[in-house]
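Trainee: Below is a structure I'd like to ask you about.
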Amino acid sequence: MTAVPTSAAAIAAGVRSGSLKAVDVVEAHLARIADREGEIHAFNVVLADRARAGAAAVDAMVAAGGDPGPLAGVPIALKDNMCTRGIPTTCSSKILDGWKPPYDATVVTKLAAAGAIAIGKTNLDEFAMGSSTENSAFGPTRNPHDTSRVPGGSSGGSAAAVAAGFAPVGIGSDTGGSIRQPAALCGVVGAKPTYGYVSRYGLIAFASSLDQIGPFTTTVHDSALLLDVIGGHDPMDSTSIPVAHAPLTGVLDRGVKGLRIGRITDLPAGADPDVTERLEAAFDALREAGARIIDVQVPAFSYGLTAYYLIAPAEASSNLARFDGVRFGLRVDALDTNTMYSATRAAGFGDEVKRRIMLGTYALSAGYYDAYYGRALKVRKLIHDDFARAYQDADVLLTPTSASVAFPFGSKGDNPLAMYLCDVYTIPSNLAGHPGMSVPFGTGADGLPVGVQVLAGTLDEATMFRVGAALERCAPAVTSAVALHGSAS
Amino acid sequence: MSAGARVDPRAEQVLEYGYQLVVGLEVHVELDTATKLFSASANRFGDDPNTNIDPVTLGLPGALPVLNRHAVELAMRIGAALDCTIQPSTFHRKNYFYPDMPKAYQISQYDQPINIDGHLDLPGGKRIGIERAHLEEDTGKSTHVGGSGGRIHGSDHSLIDFNRAGVPLVEIVSRPDLRTADEARQYVNELRAILVAIGASDAKMEEGSMRCDANVSVHQPGTPLGTRCEIKNVNSVRSLGRAIDYEARRQVDLLASGGIVRQETRHWDETDGRTHTLRTKEDADDYRYFLEPDLVPIVPSAEWIQAVRDALPMLPAARRARLSEASGSPAYSEAVMAAIDRGQDAYVLAVGHLGGDIGRALVHVKEAYAEQGPSPTVPAQDLALLTTLEVDGKLTATQAKAVLAEIVAAGGGDAAAIAAAKGFEAMDNSALESVVDQAIAADPEAWVKFCAGEGKAMGALVGAVMKATGGKADGKVVTAVLNQRRAAQP
Amino acid sequence: MSDRITAADVVKVAKLARLDLTPDEIVRTTAQLDGMLEHFADMDALDLDAVVPMTQPYPLHNVFRDDMVVIGLDHDEVLAAAPRSEDGRFWVPPIIGLDS
């Protein structure tokens, strides 16, 4: 069997040229899954047979002189909140256990059209609500770097799948940091583009005005390649931005000379020293590479948590109302429809989901709307405006992605707020609708990966990726979890 | 409703004990689009259950709404026809659980509706304010199985069909300017005529494509408006009047006996002719309205709005006036109303342009074109010829009717040729006079009665003449001869 | 927003959200929501009177679809996925106590 490259770009190049067989690529990844999935639990379902058949079709196309596309033969781990026709899609919730959507999400269609091969549906915090993947109804995912620790969340399954070498690419969704935080904790690249960059059609909504889909990859180049494939206007999503995006793969080598990198001086405190140390090293490296470091203020940044934990649950309380046992999914039988609703939803949703539905319903209810939801929308505007001012002075902003490295299971205890604070650095860009990405930048405590977050203004993915690529070039070499734990292939 | 029975709309109905009725109407109309408001499933009445469905219609996880441009255009057309201000608008989510509401929220316009501040003029000229006319999606349909008569109470279970879910609706909310049940009926009839004329909806109450809720209150003139009750489940214009009258009496009786009217939603029961409490204000759900994050605002440009206004066809009131003037029939005569209702007024006018008689054409169209749409199959030219023969005395009204029946059945035809083939020729008057005299001689009893002024007797004599002439005689001429003979009596 | 959330509020909200909570869950939820709302009071420090609420991250308007029918979902496939169906329709127990 030919050695299978780790990057999606190299795999696709090999498969397109005929020097690499997609079936071998798939087998190599299935072998790694067979080897370690038992301890990691990255997937809710592994699509071994479908992946093999898909790979064979890709190879046949190449043999016939065709081009399967820029992701030819690349195995993809899909977060299990994206609809896949005929394939169970659960959101890691009992309420959707066994549900097979009758349609594909737009990203799923685009990936397939680019020659990618779905290898499995990955675990998540139920309905993407959480920062550790501990809230899955099907059990937690473990961090491939240290299985006593969480992979982050909510897209922990996709992050872990990429870190463990189960797939070169994972797709996640990011409502308040659900791509970037697990990417940081798992030592991979995670990008959340501008709101409206990637279609949300077929993504099971958590908070509609915040949700965005993005990739997990091992390289910044792969991240750009994936966004080039899944980005772009979709007439099925009214909030999809109707402009053509310039390919991001073309900007990676431009360097950062002359770019203004913002340091937020009034950033909320609380990041661990090992994380802060890596952030400082990143500033130094970028300065070294020719960028200027500029101090900026984003005073409303610290109010992000409050605004987010009112707006997201409010939207979620409405988005999750459709899980009522009438048309699909779980139903708990009862003597009348109203009782059936309450019993079904009580049995089908986990604690965190119920908590957020309660919080969101309360924030929208008569007498409280103005004090909570209404005020949160105003704070959102302040955050947006503060960012806009900062981006007049700086091209991108650099922050920690997560306040700490991967933490042990159960360490956030019973206090939901402690878990919510995990998202303090990632949330504001969701509220503003701005792009953000996490790039691995060495290790912190216990040799665990640390990510640095690059934030940019609306639709300025190009600059964000230039900086991300520069960081990757000067990042200290880190032993990958795959190398660390060996591989069956 | 009959045109003759119109109450003077300016009259303010005074109820018992001096109470005054105040009514506002909320009319929902289904728009005549090919697809739903937010998805590409067919908007079609009467299909097999759950066949016009898609992820959006069913509220499946991950589905997203995309707004139907034509629905927006039709909503704007309604706004233009009701002389509303057409403005930038947004959609909200109205959150409530009900099995025929797939997402457990309805997408509806809330504080920024597309149309505001319009009006509708009742036939008598009274102007009724339109507060708003906004876009929203329809629900699915529940059928209650078991129990008695398909009612929700006592049913064993319910079955849901989502074909109607997501069908575009415009809700037209009047100001509380209506003062009688008859005004309410006139309002609904006029609104219906407008909606049909502008192609916005077929507005059929019996098929549910037009639905009407009435906000009814009573008060003493000069005092603030009373507490209102919303009456639902009114399924015809006739029921609307009955429901309002019943509800007004109920409220007056309550107040007169020292009670108070509670704000509540009441259900009209067609069978017992009463309204019943459906839910009180205290039971009202908390809808938790918030801006729909999956949709973006509608901001119609000034050019678009102007184009919609410019493209508006002539409205029923103006068309009635035009036809009335051209035909000499009153604007609210049954013939004029029927022609406008069926959209056949342009056709009648075309008969006139082709040299035909508009008055006769109007009568023929009313009687013979009930099954024809706005573009009758009979060429206007053919009807023009028929009316000409008629006015020229070449055909009697009865003969013309017979000839037209053949023309309509064949989708056209030469009236003169058909009349000739039928052997129709108008009798000359001298021949007719002798037939009349024979009829008088044959039935002296009728003659005596006729001379005494009994209408029935005249009918018997005319009938005898018609029988003798095989219908060829012109009824008017026969009557004239009979009157002549009577006048010549010593 | 200084009012503390009470167990009665939680019961009311749970009813609105159609969540059947146990007495234990009601107690726990009340405490947790109270803790969160206390934290969220940090925004009381902000002067928001003149601030326009932000509901959409990217300003779009007039996003429309043409009025053309596209074949939708398969009737049988959809009903097969339903918890219960009858006569081509979705079956639910009696509808009582609900707003229509």
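Okay, residues lined up against (1) assigned to a helix (DSSP H, G or I); (2) more than 14 Å from chain A (Cβ to nearest Cβ); (3) without any contact (Cβ under 8 Å) to a residue 40 or more places away in the chain; (4) exposed (fewer than 14 other Cβ atoms within 10 Å of the Cβ):
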site: B:L295; (1), (2), (3), (4): no, no, no, no
site: B:P300; (1), (2), (3), (4): no, yes, no, no
site: B:R309; (1), (2), (3), (4): yes, yes, no, no
site: B:P313; (1), (2), (3), (4): no, yes, no, no
site: B:A318; (1), (2), (3), (4): yes, yes, yes, yes
site: B:R322; (1), (2), (3), (4): yes, yes, yes, no
site: B:E325; (1), (2), (3), (4): yes, yes, yes, yes
site: B:A339; (1), (2), (3), (4): yes, yes, yes, no
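Trainee: Test B:I128 against the stated conditions and say whether it is touching a helix residue (DSSP H, G or I) at 6+ places or on another chain (Cβ under 7 Å) and surrounded by fewer than 24 Cβ atoms within 10 Å (Cβ to Cβ).
Mentor: When the stated conditions are applied, B:I128 does not pass them.
Trainee: Check whether at least one residue in segment A:217-233 is within 14 Å of chain C (Cβ to nearest Cβ) and surrounded by fewer than 23 Cβ atoms within 10 Å (Cβ to Cβ), and report yes or no.
Mentor: Yes: one or more hits.
Trainee: In this structure, is A:S317 surrounded by fewer than 21 Cβ atoms within 10 Å (Cβ to Cβ), out of contact with any Cys (no Cβ under 6 Å at 6 or more places or on another chain) and assigned to a helix (DSSP H, G or I)?
Mentor: no
Trainee: If I filter segment A:406-426 for residues that are without any contact (Cβ under 8 Å) to a residue 12 or more places away in the chain and in contact with a His (Cβ under 8 Å, 6 or more places away or on another chain), do I get at least one hit?
Mentor: Within segment A:406-426, one or more residues are without any contact (Cβ under 8 Å) to a residue 12 or more places away in the chain and in contact with a His (Cβ under 8 Å, 6 or more places away or on another chain).
Trainee: Right, here's the next one. Residue by residue through segment A:90-125, note down the ones that are part of a helix (DSSP H, G or I), buried (at least 24 other Cβ atoms within 10 Å of the Cβ) and more than 14 Å from chain C (Cβ to nearest Cβ).
Mentor: A:T106, A:V107, A:V108, A:L111
Trainee: Being farther than 15 Å from B:A473 by Cα and touching a Ser or Thr at 6+ places or on another chain (Cβ under 9 Å) is the filter here, so list the residues in segment B:373-409 that pass it.
Mentor: Across segment B:373-409, the qualifying residue is only B:V408.
Trainee: Shifting gears a bit: Taking segment A:241-271 as the region of interest, how many residues are surrounded by fewer than 17 Cβ atoms within 10 Å (Cβ to Cβ), of a type outside the set (G, A, S) and under 30 Å from C:D42 (Cα atoms)?
Mentor: 3
Trainee: Name the residues in segment B:265-293 that are farther than 30 Å from A:D237 by Cα, assigned to a strand (DSSP E or B) and either at the interface with another protein chain (Cβ under 7 Å from one of its Cβ atoms) or not hydrophobic (A, V, I, L, M, F, W, C) (or both), would you?
Mentor: Within segment B:265-293, B:T265, B:R266, B:H267, B:D269, B:R274, B:T275, B:H276, B:T277, B:R279, B:T280 meet the criteria.
Trainee: Here's another thing I want to ask about it. Considering A:Y341, A:Y373, A:Y362, A:Y369, which residue is of a type in the set (S, T, Y), within 12 Å of chain B (Cβ to nearest Cβ) and over 28 Å from C:D42 (Cβ atoms)?
Mentor: None of the other options fit; the residue is A:Y341.
Trainee: So if I check each of C:V70, C:V51, which one is without any contact (Cβ under 8 Å) to a residue 24 or more places away in the chain and either over 30 Å from B:T143 (Cβ atoms) or facing chain A (nearest Cβ under 7 Å) (or both)?
Mentor: C:V51
Trainee: Which of the numbered conditions does B:A40 fail, given that it passes all the others? Conditions: (1) assigned to a loop (DSSP other than H, G, I, E, B); (2) hydrophobic (A, V, I, L, M, F, W, C); (3) closer than 24 Å to B:N189 by Cα.
Mentor: Of everything listed in (1) assigned to a loop (DSSP other than H, G, I, E, B); (2) hydrophobic (A, V, I, L, M, F, W, C); (3) closer than 24 Å to B:N189 by Cα, B:A40 misses just condition (3).
Trainee: As an exercise: evaluate A:L364 against (1) aliphatic (A, V, I, L, M); (2) surrounded by fewer than 24 Cβ atoms within 10 Å (Cβ to Cβ); (3) more than 25 Å from the chain's Cα centre (by Cα) and give the number of the one condition it does not meet.
Mentor: (2)
Trainee: Considering every residue within segment B:23-37, establish whether at least one is without any contact (Cβ under 8 Å) to a residue 40 or more places away in the chain, within 12 Å of chain C (Cβ to nearest Cβ) and aliphatic (A, V, I, L, M).
Mentor: For segment B:23-37, residues without any contact (Cβ under 8 Å) to a residue 40 or more places away in the chain, within 12 Å of chain C (Cβ to nearest Cβ) and aliphatic (A, V, I, L, M): present.
Trainee: While we're looking at this one, here's another question. Considering A:D423, A:D446, A:D414, which residue is crowded, with 24+ Cβ neighbours inside 10 Å, within 28 Å of A:T147 (Cβ to Cβ) and of a type in the set (D, E, K, R)?
Mentor: A:D423
Trainee: Only one of B:V462, B:V448 is more than 18 Å from B:G393 (Cβ to Cβ), free of Cβ contacts under 8 Å to residues at least 24 places away in the same chain and among the aliphatic types (A, V, I, L, M); which?
Mentor: Exactly one of B:V462, B:V448 is more than 18 Å from B:G393 (Cβ to Cβ), free of Cβ contacts under 8 Å to residues at least 24 places away in the same chain and among the aliphatic types (A, V, I, L, M), namely B:V448.
Trainee: Inside segment B:58-122, counting only strands (runs of 3 or more DSSP E) that do not spill past its ends, which hold 1 or more residues that are closer than 30 Å to C:F90 by Cα and more than 22 Å from the chain's Cα centre (by Cα)?
Mentor: B:92-95, B:105-108
Trainee: Criterion first (at the interface with chain A (Cβ under 9 Å from one of its Cβ atoms), assigned to a loop (DSSP other than H, G, I, E, B) and surrounded by 13 or more Cβ atoms within 10 Å (Cβ to Cβ)) does C:L37 satisfy it?
Mentor: When the stated conditions are applied, C:L37 does not pass them.
Trainee: List the number of the failed condition for B:P176; all other conditions in (1) farther than 23 Å from B:Y19 by Cβ; (2) assigned to a loop (DSSP other than H, G, I, E, B); (3) at pLDDT 95 or above hold.
Mentor: Single failed check for B:P176: (1).
Trainee: What about B:A200, is it within 30 Å of B:I116 (Cβ to Cβ), modelled with pLDDT of 95 or more, aliphatic (A, V, I, L, M) and part of a loop (DSSP other than H, G, I, E, B)?
Mentor: For B:A200, the condition - within 30 Å of B:I116 (Cβ to Cβ), modelled with pLDDT of 95 or more, aliphatic (A, V, I, L, M) and part of a loop (DSSP other than H, G, I, E, B) - is met.
Trainee: Consider A:S158 carefully, then state whether it is touching an Asp or Glu at 6+ places or on another chain (Cβ under 8 Å) and either in contact (Cβ under 8 Å) with a residue 40 or more places away in the chain or in a loop (DSSP other than H, G, I, E, B) (or both).
Mentor: So A:S158 does not fit the description; no.
Trainee: If I ask for residues that are more than 17 Å from B:F290 (Cα to Cα) and either within 7 Å of another protein chain (Cβ to nearest Cβ) or surrounded by fewer than 19 Cβ atoms within 10 Å (Cβ to Cβ) (or both), which ones from segment A:344-359 would you list?
Mentor: Once the filter is applied, which keeps residues that are more than 17 Å from B:F290 (Cα to Cα) and either within 7 Å of another protein chain (Cβ to nearest Cβ) or surrounded by fewer than 19 Cβ atoms within 10 Å (Cβ to Cβ) (or both), segment A:344-359 yields A:R345, A:A346, A:A347, A:D351, A:E352, A:K354, A:R355.
Trainee: Identify the single condition in (1) closer than 19 Å to A:A481 by Cα; (2) modelled with pLDDT under 95; (3) of a type in the set (V, I, T) that A:I40 does not satisfy, given that it satisfies every other one.
Mentor: Answer for A:I40: the failing condition is (2).
Trainee: Could you grab me the full set of residues in segment A:71-89 that are buried (at least 24 other Cβ atoms within 10 Å of the Cβ), under 17 Å from A:H41 (Cα atoms) and within 14 Å of chain B (Cβ to nearest Cβ)?
Mentor: A:L78, A:K79, A:D80, A:N81, A:T89
Trainee: Looking only at segment B:127-167, how many residues end up being closer than 30 Å to B:P113 by Cα and in a strand (DSSP E or B)?
Mentor: 15
Trainee: Another question, then. Considering only residues that are out of contact with any helix residue (DSSP H, G or I) (no Cβ under 6 Å at 6 or more places or on another chain) and either at pLDDT below 95 or more than 21 Å from A:K354 (Cβ to Cβ) (or both), which ones fall in segment A:90-104?
Mentor: A:D97, A:G98, A:K100, A:P101, A:Y103, A:D104
Trainee: Quick one: A:M236 ticks every box in (1) crowded, with 24+ Cβ neighbours inside 10 Å; (2) hydrophobic (A, V, I, L, M, F, W, C); (3) assigned to a loop (DSSP other than H, G, I, E, B); (4) within 14 Å of another protein chain (Cβ to nearest Cβ) bar one, so which box is it?
Mentor: Failing condition for A:M236: (1).
The values are calculated or read from the model by the stated rules, or taken from the named source; none is laboratory data. These numbers were taken from a predicted model, which means no experiment stands behind them. Note that we place each Cβ from the backbone using ideal geometry, even for glycine, and neighbour counts take in every protein chain shown.
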